[in-house]
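Colleague: Below you will find the structure I want to go over with you.
The values are calculated or read from the model by the stated rules, or taken from the named source; none is laboratory data. Treat the numbers as computed from the prediction; the structure is a model and nothing was measured. Cβ coordinates were reconstructed from backbone atoms using ideal geometry, including for glycine residues, and neighbour counts include every protein chain displayed. Surface areas here come from the heavy atoms of the whole protein model, side chains and all, with no ligands, DNA or RNA. Shrake-Rupley method; radii C 1.70, N 1.55, O 1.52, S 1.80 Å.
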Amino acid sequence: MARERLRVTLSGATGETGAEIANAILDLSDTFHLTALARPASANKPEYENFKKRGASIIVADLGTVNDHLVSILKGCDIVVCAITLEGLDPRPMNNLATAAQHAGVKRFIPSLFGPVCPPRGVALIRDLKEDMIDHIKNLNLPYTLVDVGWWYQMSLPAVPSGRLDHLLVFPITTITGSGNVECAMTDKRDIGRYVARIIADPQTLNRSVFLYNEIWTQNKLFDLVERLSGETIPRQHETQEDLKLKIDSAKKRWNDGDETALAPFVMMAYYYTLWIRGDNTPAKARGLGYLIANDMYPDIKSTSLEDYVNGLLDGDIGRIYVGRR
Ligand SMILES: NC(=O)c1ccc[n+]([C@@H]2O[C@H](COP(=O)([O-])OP(=O)(O)OC[C@H]3O[C@@H](n4cnc5c(N)ncnc54)[C@H](OP(=O)(O)O)[C@@H]3O)[C@@H](O)[C@H]2O)c1
């Protein structure tokens, strides 16, 4: 007798992370059926038409409240994956989706973490907000899996002096943080979906945290790599821990005083502090925080090396992220 497919509902399918998850799930059509939730203002995006052609169901849903329509959509669904961003730092859409999933009896909820390893609270603002959302899920007694993915290659590269990578780098790195010798687990965003598809179907990961990554790099080694592959010498400026801390405190103060433009630098510099000064984002630290390591569990998944990724950019085979948005 044919095995029943797992019914997965995904919110945020048009995003960078969500699209990778949608594609991986649609590639495994014997295992999964995908329903993508589109928010009303985005229902006409062409991405949804493409997913539909590949077998997904598309349903328009508003996450602004916990409403009967949302609960009815989620009834009978096995797994809900949330890959939305914290727009305006507002946790309500994800919390509403979790509450509706609990009302509907969903068997597993995956909140939108998909970040680097970072201790809970007090280190990075976005992590703090995500920890609050994890608390909400646990308060609901909703079965969950927490997935973190390291730091994207796509956010980590320096520009090269000739300018030939400029149009491909959304967040070019201009300064090495601290010594540049701190290790960091890095991931090609394009590999996340295949890992997530395995993790969400695996009984071992229920009510657990799972960490996945591709490779470990330091910023100095990363700059060395880009220099070797591009043949260009990249100027190296280092920012000390003290300078970074002062900048974080100043951005935080400006933001607390009502300057919205200070939020993005505050968020990003706090990430640099946890990644490149504290060295939180490693598999060893993840193990210490109780994570399972996906690389150990699914060794057959082949992921992209940073070297191949950089070569792909230099050869023009790999494009930009957040096209038309940032
Ligand atoms: N590890 C890393 O290095 C790294 C890097 C970047 C992001 N992340 C994390 O990855 C996760 C996803 O971020 P991303 O950058 O991939 O996302 P993104 O590309 O910015 O896309 C955001 C998605 O969320 C949807 N969305 C936003 N607000 C919504 C709402 N109120 N209701 C319904 N849908 C909503 C958007 O839908 P529309 O089409 O309707 O706009 C879109 O599909 C986040 O948790 C983020 O922190 C991690």
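Colleague: All but one of (1) within 14 Å of the ligand (Cβ to nearest atom); (2) more than 26 Å from Asp128 (Cβ to Cβ) hold for Ser11, so report the exception by its number.
Modeller: Unmet condition: (2).
Colleague: Can you list residue pairs whose Cβ atoms sit under 9 Å apart, with the first residue in the range 178-191 being over 16 Å from Asp308 (Cα atoms) and among the small types (Gly, Ala, Ser) and the second being in a loop (DSSP other than H, G, I, E, B) and open to solvent by 30 Å² or more (accessible area, probe 1.4 Å)? Count only pairs 6 or more apart in sequence or on different chains.
Modeller: Cβ pairs passing all conditions: Gly178/Thr240; Gly180/Arg236; Ala185/Tyr213.
Colleague: Which of the numbered conditions does Gly76 fail, given that it passes all the others? Conditions: (1) among the small types (Gly, Ala, Ser); (2) open to solvent by less than 20 Å² (accessible area, probe 1.4 Å); (3) on the phi > 0 side of the Ramachandran plot.
Modeller: Of everything listed in (1) among the small types (Gly, Ala, Ser); (2) open to solvent by less than 20 Å² (accessible area, probe 1.4 Å); (3) on the phi > 0 side of the Ramachandran plot, Gly76 misses just condition (2).
Colleague: Can you give me the number of residues within the range 237-295 that are more than 26 Å from Glu87 (Cα to Cα), open to solvent by less than 20 Å² (accessible area, probe 1.4 Å), in a helix (DSSP H, G or I) and of a type in the set (A, V, I, L, M)?
Modeller: Final tally of qualifying residues: 2.
Colleague: Okay, next question. If you go through the range 6-18 one residue at a time, do you hit one that is touching a residue at least 24 places away in the same chain (Cβ under 8 Å) and more than 20 Å from the chain's Cα centre (by Cα)?
Modeller: Start the filter on the range 6-18 by keeping residues that are touching a residue at least 24 places away in the same chain (Cβ under 8 Å), which leaves 6-18.
This time we only want the ones that are more than 20 Å from the chain's Cα centre (by Cα), so: 6-7.
Looking through the range 6-18, at least one residue is touching a residue at least 24 places away in the same chain (Cβ under 8 Å) and more than 20 Å from the chain's Cα centre (by Cα).
Colleague: Looking only at the range 35-43, decide whether some residue is over 26 Å from Tyr153 (Cα atoms), in contact with a strand residue (DSSP E or B) (Cβ under 7 Å, 6 or more places away or on another chain), part of a loop (DSSP other than H, G, I, E, B) and near the ligand (Cβ under 9 Å from one of its atoms).
Modeller: Among the residues of the range 35-43, at least one is over 26 Å from Tyr153 (Cα atoms), in contact with a strand residue (DSSP E or B) (Cβ under 7 Å, 6 or more places away or on another chain), part of a loop (DSSP other than H, G, I, E, B) and near the ligand (Cβ under 9 Å from one of its atoms), which makes the answer yes.
Yes/no per residue for (1) touching a strand residue (DSSP E or B) at 6+ places or on another chain (Cβ under 8 Å); (2) away from the ligand (no atom under 12 Å from the Cβ):
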site: Arg3; (1), (2): no, yes
site: Glu16; (1), (2): no, no
site: His33; (1), (2): yes, yes
site: Val60; (1), (2): yes, no
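Colleague: Among the residues of the range 31-54, count how many are among the β-branched types (Val, Ile, Thr) and under 20 Å from Leu70 (Cα atoms).
Modeller: Filtering the range 31-54 for residues among the β-branched types (Val, Ile, Thr) gives 31, 35.
With the extra rule that they be under 20 Å from Leu70 (Cα atoms), the set shrinks to 35.
Residues meeting the conditions: 1.
Colleague: Considering only the range 48-70, state which residues are β-branched (Val, Ile, Thr), loosely packed, with under 14 Cβ neighbours inside 10 Å and touching a Pro at 6+ places or on another chain (Cβ under 9 Å).
Modeller: Within the range 48-70, none qualify.
Colleague: Which of the residues spanning the range 128-187 are small (Gly, Ala, Ser) and within 22 Å of the chain's Cα centre (by Cα)?
Modeller: Result: Gly150, Ser156, Ala185.
Colleague: Out of all the residues in the range 85-120, which are within 8 Å of the ligand (Cβ to nearest atom) and among the aromatic types (Phe, Trp, Tyr)?
Modeller: Phe114
Colleague: Further, regarding this structure: Failed condition for Ala24, given (1) near the ligand (Cβ under 8 Å from one of its atoms); (2) more than 24 Å from Ala100 (Cα to Cα); (3) among the aliphatic types (A, V, I, L, M), with all others met?
Modeller: Among (1) near the ligand (Cβ under 8 Å from one of its atoms); (2) more than 24 Å from Ala100 (Cα to Cα); (3) among the aliphatic types (A, V, I, L, M), Ala24 violates only (1).
Colleague: Any residue at all in the range 68-87 that is assigned to a helix (DSSP H, G or I) and in contact with a His (Cβ under 6 Å, 6 or more places away or on another chain)? Reasoning before the result, please.
Modeller: Initially, the range 68-87 is screened for residues assigned to a helix (DSSP H, G or I), giving 68-74, 87.
Now narrow it down to the ones that are in contact with a His (Cβ under 6 Å, 6 or more places away or on another chain): 71.
There is at least one residue in the range 68-87 that is assigned to a helix (DSSP H, G or I) and in contact with a His (Cβ under 6 Å, 6 or more places away or on another chain).
Colleague: Still on this structure, please answer the following. Evaluate the following for Ile234: is it part of a loop (DSSP other than H, G, I, E, B) and among the aliphatic types (A, V, I, L, M)? I'd like the intermediate steps shown before the answer.
Modeller: Working: part of a loop (DSSP other than H, G, I, E, B): yes; among the aliphatic types (A, V, I, L, M): yes.
Here the answer is yes, as Ile234 does meet what is asked.
Colleague: Of the residues in the range 128-144, how many are within 15 Å of the ligand (Cβ to nearest atom) and open to solvent by less than 20 Å² (accessible area, probe 1.4 Å)?
Modeller: Result for the range 128-144: 3.
Colleague: Here's another thing I want to ask about it. For the range 145-162, give me each residue that is open to solvent by 10 Å² or more (accessible area, probe 1.4 Å) and either in a loop (DSSP other than H, G, I, E, B) or within 7 Å of the ligand (Cβ to nearest atom) (or both).
Modeller: Within the range 145-162, Trp151, Trp152, Met155, Ala159, Pro161, Ser162 meet the criteria.
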